Structures are given as C-alpha cells and as structure tokens.
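Taken together, the values in this text are just the output of simple stated rules run on the coordinates, not laboratory data. Bear in mind that the values here come from a model prediction, so they are computed numbers and not experimental data. Backbone-built Cβ (ideal geometry, glycine too); neighbour counts: all protein chains shown.
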Amino acid sequence: MKKIFVLLLSAGLLVSCSEYQKALKSEDSGLKYAQAEKKYDQGKYSKAIRLFEQMAPNYKGKPQAEKMFYMFAMSYYKTEQYYLSGYQFETFAAGYPKSEKAEEAAFLSAKSYAKLSPSYSLDQVDTNKAIDKLQAFIDKYPDSEFLKEANETMKGLREKLEKKAYLIAYGYNKISDYKSAIVAFDNFVADYPGTPFKEKALYYRLDSSYKLAINSIPAKMEERLNQAKGAYSNLLKFYPNTEYKKDADEMLAKIENDLKQFSK
C-alpha cells in the first residue's frame with residue numbers, strides 16, 4: 001500500500017512538473033496564468049515569478065491583469081527581492097488606484113524599501129528613500145490599518161540615521177578633529193532634538209570644545225575656553241544629573257584655572 005502511495009505521489013509530481021514546463025513554453029496566456037496562480041497559491045513563488053515575468057509585458061488591460069500584477073509583486077516580496085517588489089507594488093498602486101489592494105500595495109512598496117535599509121554603518125540612501133515612501137503613505141492613508149506598523153518602521157529607520165549621525169560626530173572627536181566634531185555635534189542636536197543620544201552628544205561637544213581650546217594658539221585660547229564653558233552650561237542645563245557630571249566638573253575646573261591667565 002505504501003509503495004502504491006509513493007508511486008501515485010511521484011506520478012502526481014511528474015504531471016505537475018510537466019504542466020508547469022508546458023506553461024513556460026506555451027504562447028497561451030490563459031495556460032500561463034492558470035499555472036502561475038497555482039504555483040502562487042502553493043507558495044512556490046519563484047516558479048510563479050518565471051511565468052509572471054513572461055506574461056507581464058503583454059498582460060496590461062486584460063481582465064485578470066490587476067490580480068496578476070498583485071500576485072507578481074507579492075511573489076517578489078515573499079522571495080525577498082525587495083528592489084523588485086518595491087517597484088512592482090508602487091507600479092500597481094499607481095496603475096490601479098481604485099483597487100481594494102491599492103492601499104496594501106502602497107504600504108508594501110514602502111516596506112520593501114525599508115527592508116533594503118542597510119546597517120547604520122553603511123550608506124543610508126535606501127533608508128532615506130524608505131522614510132520618504134513611508135511618510136508619503138502615511139500622508140495619503142492617515143486612517144490605514146497599516147498605520148501603526150508604518151510609524152513603527154519609520155521610527156526604527158530614523159533611529160538608525162540618528163545613530164549614524166552621532167557616530168560620525170563621535171568619530172571626529174576620537175581622531176582629534178575637534179573643529180569638525182563641534183560642528184557635527186551641533187548639527188546632530190539641531191537635527192535630532194529628541195534623540196536618546198543627546199546627553200552623550202552634549203558631553204562630547206564639551207569634550208571637543210575643551211580639547212580644541214587647550215590645543216589652540218594663545219590668541220584663540222581665551223575665546224575657545226569660554227566657548228567650552230558654555231558647552232558645560234548647556235550640558236548641565238538639559239541634564240543637571242548627567243552621568244558625565246564628574247568628568248564635566250573636572251573639565252570646568254581646568255577651564256576656570258586656564259582662564260585665570262587671561263584675567264591678569
């Protein structure tokens with residue numbers, strides 16, 4: 001009995017493969033569609049894609065085109081081909097604005113771009129593009145069922161940009177390029193006022209200001225020491241109980257002591 005079952009299963013698989021291969025080679029769009037839909041429903045997205053790619057150029061305007069292009073885009077998404085799914089979902093949403101799938105397609109297009117966002121240490125072109133796409137979706141569908149996920153996804157992407165911007169500024173501090181560090185920390189705090197890295201940024205802004213001052217020529221030292229003193233005040237203004245208070249107070253004492261030479 002077991003052997004019979006195996007034989008029947010093998011025969012079924014052979015027929016299925018034969019039908020799929022026949023559809024690939026056929027000029028019959030109906031046959032291709034039927035097989036593509038079958039493979040899609042079975043979760044065999046890579047096989048479905050091969051048929052969708054053959055059909056797509058000449059399928060626009062046909063009665064089943066809307067469903068076919070949705071399945072095509074979703075197949076790319078399911079196989080993690082996010083550049084292609086982003087493009088296909090975006091094209092679908094634009095081409096079928098009245099479709100019941102238009103909102104979902106617009107969201108999945110934006111989410112596809114979000115999936116392409118790389119590690120914070122790499123170039124963030126795709127991250128910025130994803131944020132723009134998500135914001136456009138939120139603006140267009142403010143009451144969407146996907147709104148919560150869209151906002152959460154965008155929050156994660158923005159945090160990635162914040163971390164990269166902070167680490168760039170911190171990197172200038174570590175290589176002793178204090179002028180660039182000060183500019184970068186100022187820009188960072190201005191661009192991301194609610195960032196969780198603000199305390200660190202203000203402390204290393206102080207650290208950079210102090211080190212720039214004490215390594216300056218005498219003609220610029222007094223001005224820069226006073227600027228460092230201002231950076232100390234700014235840190236304590238926002239974080240009176242900062243975890244860096246001991247180090248900051250030690251820096252302030254040195255600044256005050258160094259400034260004495262200019263009051264004589």
Report task. Express in nm, to one decimal, how much length is gained between Glu27 and Asn226 on full extension, taking 0.36 nm for each residue of separation and deducting their alpha carbon distance. Result -> 63.7 nm
Report task. Mind checking region 25-124 for GluC sites (Glu not before Pro) that DSSP puts in a loop (not H, G, I, E or B) and that have at most 13 other Cβ atoms within 10 Å? Result -> Glu27, Glu80, Glu100
Query raised in the report: Of Lys129/Lys160; Lys115/Lys198; Lys115/Lys164; Lys211/Lys245, which sit over 21 Å apart, Cα to Cα?
Result: Lys115/Lys198
Report task. With a cut-off of at most 14 other beta carbons within 10 Å, and DSSP calling the residue loop, which GluC sites (Glu not before Pro) in region 202-264 qualify? Please list them. Result -> Glu243
Report summary line: Output row, site Glu80, 7 Å Cα→C-beta label point, backbone N cut-off 16 Å, window region 93-124, residues 112-119
Query raised in the report: By how many nm would the segment from Ile175 to Gln42 lengthen if fully extended, with 0.36 nm per residue of separation less the alpha-carbon distance?
Result: 42.3 nm
Query - Whole-number percent relative contact order across region 176-263, with pairs defined as alpha carbons under 8 Å at least 6 apart - result: 27 percent
Query - Extension reserve of the Glu243-Leu122 stretch, reckoned as 0.36 nm per residue once the Cα distance is removed - result: 40.6 nm
Query - Label-point separation, Phe262 to Ala219 (7 Å along Cα→Cβ), nm - result: 1.5 nm
Requested in this report: Go ahead and estimate [θ] at 222 nm for the chain from helices alone: -39,500 (n - 2.57) per DSSP H run with n ≥ 4, summed, over the residue count, rounded to 500.
Outcome: -25500 deg cm²/dmol
Report summary line: Matching label for the computed Cα extents along the principal axes in Å, out of (1) 101, 47, 31; (2) 67, 64, 49; (3) 46, 44, 35, is (1)
